[in-house]
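To start, the structure under review is shown below, and the notes come after it.
Just so it is clear, none of the values below were taken in a lab; they were calculated from the coordinates. These numbers were taken from a predicted model, which means no experiment stands behind them. So basically every Cβ, Gly included, is an ideal-geometry build from the backbone, and we count neighbours across all protein chains shown.
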Amino acid sequence: MQNFEYIAPTETITAAQALSPHDGVTAVLAGGTDLLSLMKERIETPTRVVSLRNIRALRGVHGTGGALRIGAMASVEGVLGSSGASSYKSLLQAGRGITAPQVRAMGTVVGDLLQRPRCWYYRNGYGLLAMHEGKSLVPNGENRYHAILGNKGPAYFVNASSFAPALISLGASVTVAGPEGEREMPLADLFRIPASESERENTLMPNEIVTEIMVPSASGWRTATYEVRQRQLLDWPLVTASVAVRLRGGKIADARVVMGHVAPIPWRSSEAETALKGQALGESAGEAAGKAAVAAATPLSQNQAKVQLASVAVKRAVAMVA
Amino acid sequence: MSSNKPCDGPVKGPQHEPRKGFSRRTFIEGVGIGAGAVGAVGMAPEARADSSELMGPSPVPITLNINGKSVDLKVEPRVTLIDALRNQLDHTGAKKVCDRATCGACTVIVDGSPVYSCTLLAIEAQGRRIETIEGISTEDSMHPVQVQFVENDAQQCGFCTPGLVMAGKVVADRNPPPSMADVESALSGNICRCGTYVGVRKAVYEAARQGGA
């Protein structure tokens, strides 16, 4: 690991001011479960690390005022074990997929959102887009875990967050602090598909910090997350789907369907949502939503199987809320 | 990477006189929200250090609480807890294997939770209770989890064993005792290439039945 200078301020604003406005110069340290590995591989080589551990305001998990607020330093275990999170079923189901107690104790929920892609090209030093002579190596390379949606290129990796699909389906927003103050945005707007190697997969400025996730009350919503897994423990899921629906007169009035591990961003499927609306909750609605969710899928050379897996994940998530 | 000087920071008892200047700095880590508790702002003691100060990249004096003893040492900010333990403090029980927060051989207990010591900076472990495998037994008596590892033939080459024992200790100490599914889940962050999982699970399950620690 390249050496660095270290600072652990007690105020968020001081932390933001200690960050460089230029990409790759400084890094924010929370749980460290992703950052330290990236630094050991020299994929991240910050000359300064800004730790959030002394900022008290970022530690809490609050279930007040009908909403759940998750601070940037709240661990996975802390959130899943909190009474405030107990009414968000899809969130708890998503979190249960993170099994290693070490990761649950050290890793933060905000860190889960901001973890860099698990794409093996990226992790092995080929860059975020794995570009070689003007073309990405992924479409004709080893791509069995790569994107089946949102993959027009040059980005083919998948967003690996466990919590993002559930949080987006629950209507979550995030607060972002920079050196000049705070801004809020829907969680979905935190993610983007990079168009070039100079862009990241999120919309943060290099000197911004996600300080809090706000999840509105899930009252009236039925929610579920279903993960398709190769290994039950330790590994990431192959595909995941989170569903939130609200019924009126026995029919689905509102629906949100978000898939994970299928695209470079958590993938909200308006097609699946349309398929659900107006239907009675049941097997046929789930079947239709699953089909619609992957109707526009464009699998790569090795990941055709993920189309079926994604369809089944949506179908089963709908079955879980029925 | 880290300085390899043996025993850079001698182990001192709690009665050791207060340290001077920079090393008096106490970083108080907050919350450590346990299952079932709502972590709320205000649970943690006030962070007393004026920590809005740049440290490093040259070695920085730090204080760690290891197995109930206060230890002074100097580390570059990049030094991980496993490297500080093994290279500077002669605590070589925890093993550095993958060094990427995956295999679990480096597992130690921090504030009651199992953590990957390869992925915690030593500088960030200040103000926290660190327990290593060296601290859970004496010359004369092994910890119940260790006893059950012997009884249940729970190791082969033994390289993953210290990490598995520490991860197992956390769940075995739980009250009420964990189910076998709880044990499997609690050990899921540790890999054994010899494949001793069946024995390890039985050992931890049995130790928990006998009251853990």
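Numbers for the structure displayed
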| read-out | value |
| --- | --- |
| Positive minus negative residues near B:Ser137 (Lys, Arg vs Asp, Glu; Cβ under 14 Å) | -3 |
| nm² value of the averaged projected area, convex hull over the Cα atoms of the range A:58-215 | 10.1 nm² |
| The range A:171-206 and the range A:1-71: distance between their alpha carbon centers, rounded to Å | 15 Å |
| Peptides ranked, highest mean first, by Cβ atoms within 10 Å: ranges A:50-59, A:145-154, B:116-125 | B:116-125, A:50-59, A:145-154 |
| Gyration tensor verdict on the range B:138-205 (Cα atoms; rounded if a/c is under 1.5, prolate if a/b is larger than b/c, oblate otherwise) | oblate |
| Sorted peptide list for A:25-37, A:84-96, criterion being average Cβ within 10 angstrom, highest first | A:25-37, A:84-96 |
| Where the Cα pairs of the range A:211-264 fall when distances are cut into 10 Å bins, in % | 20, 37, 33, 10, 0 |
| HN-Hα J in Hz across the range A:164-180 - Karplus 6.51, -1.76, 1.60, θ = phi - 60°, x for Gly and Pro | 4, x, 5, 5, 5, 5, 8, x, 5, 10, 10, 9, 10, 10, x, x, 9 |
| Straight-distance crosslink candidates among lysines, where the alpha carbon sits under 29 Å from A:Lys291 and sequence neighbours closer than 8 are dropped | A:Lys89, A:Lys152, A:Lys251, A:Lys277, A:Lys306, A:Lys315 |
| Cβ neighbours within 10 Å from other chains - mean over A:74-81 | 4 |
| Rounded FRET efficiency, nearest 0.05, which uses the C-beta distance separating A:Asn3 from B:Arg193 and R0 of 30 Å | 0.40 |
| Cα centre as origin, Lys/Arg/Asp/Glu Cβ charges: the range B:144-209 dipole, Debye | 80 debye |
| In sequence order, calculated HN-Hα J values of the range B:129-143 (Karplus, 6.51, -1.76, 1.60; Hz; x Gly/Pro) | 7, 9, 10, 10, 4, 5, x, 9, 9, 10, 3, 9, 9, 8, 5 |
| Size of charge dipole - chain A - debye, nearest 20, with Cβ of Lys, Arg +1 and Asp, Glu -1, no other charges | 960 debye |
| Charge sum, other residues only, whose C-beta stays under 11 Å from B:Thr196's C-beta, Lys/Arg counted +1 and Asp/Glu -1 | +2 |
| Neighbouring partner chain Cβ atoms per residue of A:36-43, average, 10 Å criterion | 4 |
| Cα Rg, Dmax (largest Cα-Cα span) when computed across the range A:1-129, Å | 15.8, 46 |
| Interchain or long-range residues, amide H under 5 Å from A:Arg229's placed H | A:Leu238 |
| Amide proton proximity set for A:Gly150, modelled H, under 5 Å, gap of 5+ | none |
| Gyration tensor (alpha-carbon) shape descriptor, the range B:91-191, a/c threshold 1.5 | rounded |
| Average beta-carbon neighbours from other chains, 10 Å sphere, peptide B:130-141 | 0 |
| Percent antiparallel among DSSP beta bridges (both partners in the protein assembly as shown, rounded to 5) | 85 percent |
| Computed [θ] at 222 nm, helices only, for chain A once each DSSP H run of length n ≥ 4 contributes -39500 (n - 2.57) | -6500 deg cm²/dmol |
| Using a Förster distance of 30 Å, the FRET efficiency for A:Arg248-A:Arg96 (Cβ separation, nearest 0.05) | 0.50 |
| Cα centroid of the range B:122-197 to Cα centroid of the range A:103-146, whole Å | 32 Å |
| Volume per residue of the C-alpha convex hull in the protein assembly as shown, rounded to whole Å³ | 152 Å³ |
| Average projection area in nm² (convex hull over Cα atoms of the range A:228-321, one quarter of hull surface) | 6.0 nm² |
| For peptides A:255-267, A:235-247, sequence by mean Cβ density within 10 Å, most packed first | A:255-267, A:235-247 |
